[in-house]
Amino acid sequence: MLSMPFKLAPRITVYRFGSPPPSMEKGWLALPQLPEGAGAAVFGDGSHPTTRLCAGAVDLLCRQRQPKAVLDVGTGTGVLARIARARGAQFVVGTDIDPVALSCAEAHSALDTHPVRIHFGPEAPDYWGARFGLVVANILEKPLRDLALALSCALQPGGFLLLSGFTRPQTPALRALYGKAEVTFVRESHLDEWSLLMFERSRS
């Protein structure tokens, strides 16, 4: 757990709930987080490099591309879904197989004053069909392999897919696998030994 407040991404700061929000430049985000032991002790609190990689990428894509629907697979504390909502997404979903994580995500989502409700649940990525302009999955390599088709099928034409939760040596095999799943590789990013892959679904 990082000491608070801390910079989660270039334009996003996380601070402890109950403390005054930090002073931020116009257009930057300050997201409250529950203290450890009060619903925050699940993955996605911002201390892991993959969370920071995904947070920066989600923030940038939402500001530049303005997707109307965003799916966060393996939502953890729900921070990536909250970023998408704060940046204007009107339909936001966070899924997780861990009921504790879903409760934690709900609790964190309720800290934000926002009219759009995030749907948190255990559904499969393709449950809603090809609806999402942005899908992010920050999970382990094996579930990323198992969910390759479902994740790509959740994307609308022209939608972007962000994958993280794996190290640099695991990247080439995942990139090759997803290259067969109707998405096109866009770019690769790194933080320490961890990686993020970005893909785009064809518009045709």
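The values are calculated or read from the model by the stated rules, or taken from the named source; none is laboratory data. The structure displayed is predicted, hence computed values, not measured ones. Positions of Cβ are generated from backbone atoms using ideal geometry, with glycine treated the same way; all protein chains shown enter the neighbour counts. Keep in mind that these areas ignore ligands, DNA and RNA; they rest on the heavy atoms of the full protein, side chains included. Shrake-Rupley method; radii C 1.70, N 1.55, O 1.52, S 1.80 Å.
Please go through region 106-121 and pick out each residue that is under 18 Å from Asp45 (Cα atoms) and either free of Cβ contacts under 8 Å to residues at least 40 places away in the same chain or open to solvent by 70 Å² or more (accessible area, probe 1.4 Å) (or both).
The answer is Glu106, Ser109, Ala110.
Please count how many residues of region 153-173 are surrounded by 13 or more Cβ atoms within 10 Å (Cβ to Cβ) and either free of Cβ contacts under 8 Å to residues at least 12 places away in the same chain or not aromatic (Phe, Trp, Tyr) (or both). Before the answer, list the steps.
As a first pass, look at region 153-173 and keep what is surrounded by 13 or more Cβ atoms within 10 Å (Cβ to Cβ): 153-156, 158-167, 170-171.
So of that shortlist, the ones also either free of Cβ contacts under 8 Å to residues at least 12 places away in the same chain or not aromatic (Phe, Trp, Tyr) (or both) come out as 153-156, 158-159, 161-165, 167, 170-171.
Counting residues in region 153-173 that are surrounded by 13 or more Cβ atoms within 10 Å (Cβ to Cβ) and either free of Cβ contacts under 8 Å to residues at least 12 places away in the same chain or not aromatic (Phe, Trp, Tyr) (or both) gives 14.
Would you be able to tell me the number of residues in region 52-78 that are within 21 Å of Pro115 (Cβ to Cβ), open to solvent by less than 10 Å² (accessible area, probe 1.4 Å) and in a helix (DSSP H, G or I)?
Residues that pass the stated criteria total 3.
Among the candidates Ala150, Ala176, Ala124, which residue alone is buried (at least 16 other Cβ atoms within 10 Å of the Cβ), without any contact (Cβ under 8 Å) to a residue 40 or more places away in the chain and among the small types (Gly, Ala, Ser)?
Within the list Ala150, Ala176, Ala124, the selection yields Ala150.
If you take the residues in region 131-145 that are outside any helix (DSSP H, G or I) and open to solvent by 60 Å² or more (accessible area, probe 1.4 Å), which one is farthest from Val93 (Cα to Cα)?
Leu140
Return the residues of region 108-128 that are over 17 Å from Ala89 (Cα atoms) and either β-branched (Val, Ile, Thr) or in a loop (DSSP other than H, G, I, E, B) (or both); say none if nothing qualifies.
Initially, region 108-128 is screened for residues over 17 Å from Ala89 (Cα atoms), giving 108, 111, 121-127.
Selection gives Leu111, Pro122, Glu123, Ala124.
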